[in-house]
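Worksheet: one structure, shown below.
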Amino acid sequence: MAEELIPIYIMGKKYEVPPSLTIMRAMEWAGYKLIRGAGCRSGFCGACATVYRIKGDYRLRIGLACQTVVEPEMYLAQIPFFPAEKAIYDIEELKPTPEQLFQIYPEILRCLSCGTCTKACPQEIDVMDYMADAMKGDIASVASKSFDCIMCGLCAARCPAEEAQANVALLCRRLYGKYLAPKSQHLWERIEEIGAGKFDEEVAKLKSMGEEELRQRYKERDIEPA
Amino acid sequence: MSYTSEMWKSIRKVEATRQRRLQETHPRMPPRGQEEILKRFHPDYVEGGMRELLVGPNRGDRTPNELADLLEGRSHIDAAAFDLERVDYECDILVIGGGGAGASAALLAQENGAQVILTTKLRFGDANTMMAQGGIQAADKPNDSPVIHYLDVMGGGHFTNVPELVEALVMDAPSVIQWLEDLGCIFDKEPEGTMKTIHGGGTSRKRMHFARDYSGAEIMRTLRDEVRNRQISVLEFAPVVELVMDDKGQVAGAILLNLETGDYSLVKAKTVIMATGGGGRLHYQGFPTTNHYGATADGLVLAYRVGAKLAFMDTMQYHPTGAACPEQILGQLVTEKVRGLGAQLVNVEGEQFVYPLETRDVEASAIIRECVERKKGVVTSTEQQGVWLDSPMIDILKGPGTIQTNLPAMVRQFGRFDIDMTKEPILIYPTLHYQNGGIAIKPDGSTDIPNLYVAGEVAGGVHGRNRLMGNSLLEITVYGRRAGKAAAQRAKEVELGELTLEHLQDWEQQLQEADLEPQIASPLLLPDYTRHTRPVSKVM
Ligand SMILES: Cc1cc2nc3c(=O)[nH]c(=O)nc-3n(C[C@H](O)[C@H](O)[C@H](O)COP(=O)(O)OP(=O)(O)OC[C@H]3O[C@@H](n4cnc5c(N)ncnc54)[C@H](O)[C@@H]3O)c2cc1C
Ligand code: SF4
Ligand code: SF4
Ligand code: FES
């Protein structure tokens with residue numbers, strides 16, 4: 001069953017492609033060997049941010065080329081690189097405070113709450129909302145709300161206030177993970193036990209054990225219920 | 001609409017049996033049954049899928065045809081004509097690969113006093129690490145211990161793993177989690193601080209730590225940010241196409257290709273850390289893959305040419321649950337966590353046919369058997385076969401909202417194609433996922449080749465013939481750190497001799513002696529998915 005082909009425009013040039021393909025596959029089908037603009041091919045890396053428009057509609061749309069299926073009369077342009085500001089800092093020296101956040105990214109306070117970023121996000125993150133929390137200095141909330149960010153840069157590309165939302169979010173997540181997340185007592189204890197050599201002897205025994213005996217031990221090990 | 005009416009009929013059966021299945025646990029397969037199903041249905045055993053290597057350190061060993069052709073490929077470089085006098089970059093340590101292993105290695109190398117350059121093929125972080133969803137293992141709970149972890153790793157690898165490498169893996173694990181947290185990685189925790197942990201295939205304790213279902217992304221973006229903060233030089237779109245040696249037989253640098261201009265450049269380095277990851281994009285036996293675009297086994301080819309020995313190259317991991325529908329995401333990963341949270345695998349009749357958390361090789365083989373031999377698979381509109389992963393069970397078992405909270409990436413991925421996995425099961429089939437073997441390493445990441453260190457998926461021996469989920473994110477951090485540290489120490493004492501590409505001329509000779517006239521230049525660098533209707537012009 002041959003598929004009808006549909007017209008799409010890659011950087012202004014017309015190509016006919018099968019309608020079931022993703023934008024990424026359609027570009028390859030049209031003959032492009034991708035170098036920039038393809039990474040994970042699974043919606044995790046943000047390499048394939050794409051801006052497009054459908055003929056006759058003035059609105060700009062966004063999507064990940066590896067996750068979006070082509071539509072007839074699509075005009076496509078890829079944003080494989082967006083020069084967003086990334087501050088350099090020493091995480092060891094920072095404090096998880098609002099002041100610290102504003103000091104590193106003072107432009108946070110310039111956000112106009114226009115919502116363009118939220119509309120641009122292919123991960124359906126409410127970017128404006130986490131930026132509002134950033135303005136309030138609520139690091140934990142930014143960390144949580146921005147968690148699914150794949151740093152594609154589409155929000156930054158569309159922001160009238162030139163924010164680097166993804167980098168602000170990354171800083172908040174690192175501050176949260178390092179300073180604000182509750183500490184794990186059991187992790188510390190285990191590290192100390194290992195340091196004190198508590199398991200050395202038993203591991204050494206397993207290491208020198210013959211395969212038959214090891215198999216037996218393996219078979220007999222008890223399994224924590226699901 | 002992604003599901004056909006035939007598929008919907010089958011879904012009704014899945015729904016009809018669901019209530020009953022909630023009470024049922026499918027028995028685990030006995031060891032004898034496991035061995036048999038592997039031999040009969042695992043792709044590693046498919047007749048004609050592999051061949052023996054004719055040249056190099058692994059002569060006589062079997063490996064997939066596609067990989068063998070590249071290992072026995074010719075160089076991109078004309079050794080006689082390449083100018084080794086002009087050095088473009090000089091450093092103590094060249095890290096090859098911008099994934100989790102490379103980033104960890106670069107950080108530790110710098111901490112230990114080395115001047116580091118990290119070069120990578122695509123963007124920094126375009127790597128398998130970014131895509132890992134499920135989590136990372138570490139035996140840090142009171143009911144668990146590195147001893148039990150050791151046993152699980154060995155059993156998972158069918159007792160073929162190198163014991164010293166497993167020891168390092170399990171003993172370093174808790175401190176690696178601590179290191180990641182110290183850098184600001186977020187792990188899911190209970191409010192009072194206890195790590196949330198779950199089972200993975202082949203684990204006897206719940207020791208899988210996770211960051212929602214963006215575990216690898218969380219680790220990768222944190223490590224990458226730290227590398228940038230420490231202002232380590234990073235070269236992007238600059239894959240290594242050949243290692244350079246010196247006249248004392250040591251690795252001494254590499255040749256990089258600028259993917260955009262086609263120019264080569266020469267890096268002179270006292271030590272080199274290979275961290276190029278896996279090779280899913282070689283699509284062994286035509287399987288789809290979960291791997292990123294640059295996973296073309298380059299590191300194996302580069303190291304093989306300087307005489308490094310490879311281990312366990314006749315075993316690849318096929319992840320049991322790759323997306324089988326819709327066609328647009330064919331082969332993409334459906335994380336094992338879906339099963340870890342309680343979803344069962346069921347056939348076209350809505351019946352279970354395998355315990356959901358067998359080791360991956362066994363699980364994948366059982367799915368293939370269900371489709372190929374028992375003909376109880378579900379067929380899609382594009383003739384792809386698969387079985388159901390009954391995801392809606394999770395919310396029934398663990399409470400409404402569990403799927404959305406724990407598997408946001410999965411829900412989003414299927415949602416983009418109008419499949420609501422909280423309400424409907426999803427169709428899956430095995431997909432090429434992981435390179436179990438690789439360059440043989442020692443516990444400090446060193447190899448038999450002086451100055452060549454290796455870390456991550458490109459290394460071999462840690463997992464033996466089969467890796468368990470969550471031990472790879474662990475491996476890349478444990479061994480990235482170890483290799484970084486050891487290479488930095490080594491760099492302090494290295495005296496490099498004259499640079500040479502004689503090993504490439506030797507290689508040519510070996511190929512000739514074996515009567516091989518390779519058509520392919522390797523490493524491959526990127527797979528070619530383009531379609532051309534006529535021969536392509538050479539002008540470009
Ligand atoms: C979809 C998916 C899900 C996974 N889930 C889990 C999980 O839940 N738990 C777990 O433990 N493991 C998981 N894994 C496995 C794990 O993520 C990988 O094995 C691991 O991240 C590999 O890390 P790495 O640094 O060795 O390689 P990668 O992260 O792949 O990095 C290799 C880097 O080297 C670069 N490179 C390649 N060739 C060259 C060259 N010639 N020159 C320069 N650079 C080059 C690549 O572009 C890439 O940047 C998963 C893997 C995939 C694909
Ligand atoms: S687009 Fe920019 S200015 Fe507008 S809400 Fe988002 S961050 Fe603020
Ligand atoms: S928040 Fe911005 S950078 Fe992150 S995924 Fe959304 S659009 Fe992309
Ligand atoms: S290629 Fe990674 S998100 Fe599309």
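Considering only B:Leu407, B:Thr335, B:Ala459, the residue lying farthest towards the positive end of the dipole of the stretch B:331-462 is B:Leu407, judged by Cα position with unit charges set on Cβ.
Could you rank the peptides B:286-299, B:502-515 by their average count of other C-beta atoms within 10 Å per residue, with the highest value first? Each step should come with its number before you reach the end.
Working: B:286-299: 25.4, B:502-515: 14.5.
Descending packing order for the listed peptides: B:286-299, B:502-515.
With helices as the sole contributors, chain B gives -10000 deg cm²/dmol at 222 nm; each DSSP H run of n ≥ 4 counts as -39500 (n - 2.57), and the sum is divided by every residue. Summed over qualifying helices (DSSP H, 4 residues or more, each -39500 (n - 2.57)) and divided by its residue number, chain A shows a 222 nm mean residue ellipticity of -10000 deg cm²/dmol. Eigenvalues of the alpha-carbon gyration tensor of chain B, scaled by 5 and square-rooted, set the equivalent ellipsoid semi-axes at 39, 26, 21 angstrom, largest first.
For the stretch B:291-401, the dipole from Cβ point charges (+1 on Lys and Arg, -1 on Asp and Glu) about the Cα centre works out to 280 debye, to the nearest 20.
Run the numbers on chain B and let me know its relative contact order in percent, using alpha-carbon pairs under 8 Å that are six or more apart.
RCO, chain B: 26 percent.
Give me the accessible area buried between chains A and B, both sides summed, with a 1.4 Å probe, in Å² rounded to the nearest 100. Numbers along the way, then the final one.
On the way: alone 14550 and 21860 Å², together 29060 Å².
So the buried area, both faces added, is about 7300 Å².
Counting only protein heavy atoms and a 1.4 Å probe, chain B has 34 square angstrom of accessible area per residue. Amide H to amide H, with H built 1.01 Å from N, B:Asp213 comes under 5 Å of B:Ala409, counting only residues 5 or more places away or on other chains. In chain A, the longest principal axis of the Cα atoms and the axis of helix A:165-175 are about 10 degrees apart.
The residues of the stretch B:504-535 occluded by other protein chains by 10 Å² or more of accessible area, set against the chain on its own, are B:Leu526, B:Asp528, B:Tyr529, B:Thr530, B:Arg531, B:His532; surface from heavy atoms, 1.4 Å probe. Between the stretch B:94-120 and the stretch A:144-189, what is the C-alpha centre distance in whole Å? Cα centroid of the stretch B:94-120 versus Cα centroid of the stretch A:144-189: 23 Å apart. When you restrict to C-alpha pairs under 8 Å that are six or more residues apart and normalise by the size of the stretch B:52-140, the relative contact order lands at 21 percent. Within chain A, A:Cys48, A:Cys66, A:Cys111, A:Cys114, A:Cys121, A:Cys149, A:Cys152, A:Cys159, A:Cys172 have no other Cys Cβ under 4.7 Å of their Cβ and so lack a disulfide-compatible partner by this rule. A dipole drawn for the protein assembly as shown from +1 and -1 charges on Cβ atoms has a positive end, and of A:Ile150, A:Pro18, B:Val539 the residue lying farthest that way is A:Pro18. Element breakdown for chain B at a 1.4 angstrom probe: carbon and sulfur atoms account for 47% of the accessible area. A simple charge model with +1 on the Cβ of Lys and Arg, -1 on the Cβ of Asp and Glu and nothing else charged puts the dipole of chain B at about 1900 debye relative to its Cα centre.
Toward the positive end of the charge dipole of the protein assembly as shown, with +1 on the Cβ of Lys and Arg and -1 on the Cβ of Asp and Glu, the farthest Cα among B:Pro392, A:Ile139, B:Ile476 is that of B:Pro392. For the stretch A:38-55, the residues whose amide N sits under 16 Å from a probe point set 7 Å from the Cα of A:Glu73 along the beta carbon direction are A:52-55.
Pairs from the table (A:Lys33/B:Lys309; B:Lys376/B:Lys398; A:Lys95/A:Lys145; A:Lys95/B:Lys189; B:Lys337/B:Lys442; B:Lys13/B:Lys39) lying more than 24 angstrom apart at Cα are A:Lys33/B:Lys309; B:Lys376/B:Lys398; B:Lys337/B:Lys442; B:Lys13/B:Lys39. Inter-label distance, B:Arg230 to A:Ser113: 4.1 nm, where each label sits 7 Å from its Cα along the C-beta direction. Distance from the alpha carbon centroid of the stretch B:367-435 to that of the stretch B:191-259 works out to 28 angstrom. Other residues with beta-carbon under 13 Å from the beta-carbon of B:Leu183 carry, at +1 per Lys or Arg and -1 per Asp or Glu, a net charge of 0. Convex hull volume of the C-alpha atoms in the stretch B:278-405, normalised per residue: 137 Å³.
Between 0 and 90 degrees, the angle of helix A:127-136 with respect to the longest Cα principal axis of chain A falls at about 60 degrees. Site pair B:Glu383 and B:Lys248 shows an inter-label distance of 6.0 nm when each label is modelled 7 Å from Cα along Cα→Cβ.
Taking amide H atoms as placed 1.01 Å from N in the peptide plane, the amide H of B:Ile426 lies under 5 Å from those of B:Leu389, B:Ser391, each 5 or more residues away in sequence or on another chain.
Peptide B:220-229 is shielded by partner chain Cβ atoms: per residue, an average of 4 of them sit within 10 Å of its Cβ.
Each part gets one Cα centre, and for the stretch A:36-54 versus the stretch B:28-80 those centres are 33 Å apart. Remark: spin-label model distance B:Arg59-A:Lys198 equals 5.2 nm, labels positioned 7 Å along the Cα→Cβ axis. With a 10 Å cut-off around each Cβ of A:141-154, the average count of Cβ atoms from other chains is 2.
When only the Cβ of Lys, Arg, Asp and Glu is charged (+1, +1, -1, -1), the dipole of the protein assembly as shown relative to its Cα centre reaches about 1900 debye. Normalised per residue, the accessible area of chain A is 48 Å², obtained with a 1.4 Å probe and no contribution from ligands, DNA or RNA. In units of the rule-of-thumb radius 2.2 N^0.38 Å, the stretch A:145-198 shows an alpha carbon radius of gyration of 1.80. Which of rounded, prolate, oblate describes the protein assembly as shown, given a ≥ b ≥ c as roots of the alpha-carbon gyration tensor eigenvalues and a/c under 1.5 marking rounded, otherwise prolate only if a/b is larger than b/c? Note, shape of the protein assembly as shown comes out rounded. Start at zero, step by 10 Å, and the Cα-Cα distances of the stretch B:132-223 spread as 17, 48, 31, 4, 0 percent across the bins.
Assuming a ≥ b ≥ c are the square roots of the Cα gyration tensor eigenvalues, decide whether the stretch A:17-151 counts as rounded (a/c under 1.5), prolate (otherwise, with a/b larger than b/c) or oblate.
Values: a/c = 2.83, a/b = 2.02, b/c = 1.40.
Prolate.
When Cβ neighbours within 10 Å are restricted to other protein chains, what is their mean count per residue of peptide B:188-197?
3
For the pair B:Glu47 and B:Ala80, what calculated FRET efficiency results from E = 1/(1 + (r/R0)^6), where r is the Cβ-Cβ distance and R0 = 41 Å, to the nearest 0.05? For B:Ala80 and B:Glu47, the calculated efficiency is 0.45. The overall shape of the stretch B:393-489 is prolate: from the C-alpha gyration tensor, with semi-axes ordered a ≥ b ≥ c, the ratio a/c is 1.5 or greater and a/b exceeds b/c.
Taking a point 7 Å out from the Cα of B:Asp420 in the direction of its Cβ, none of the residues of the stretch B:14-35 has a backbone N less than 15 Å from it.
The values are calculated or read from the model by the stated rules, or taken from the named source; none is laboratory data. Quick caveat: nothing in here was measured; it's all calculated off a predicted structure. Using ideal geometry, Cβ is built from the backbone for each residue, glycine included, and neighbour counts are taken over all protein chains shown. What goes into the accessible areas is simple: the full protein's heavy atoms, side chains included, and nothing from ligands, DNA or RNA. Shrake-Rupley method; radii C 1.70, N 1.55, O 1.52, S 1.80 Å.
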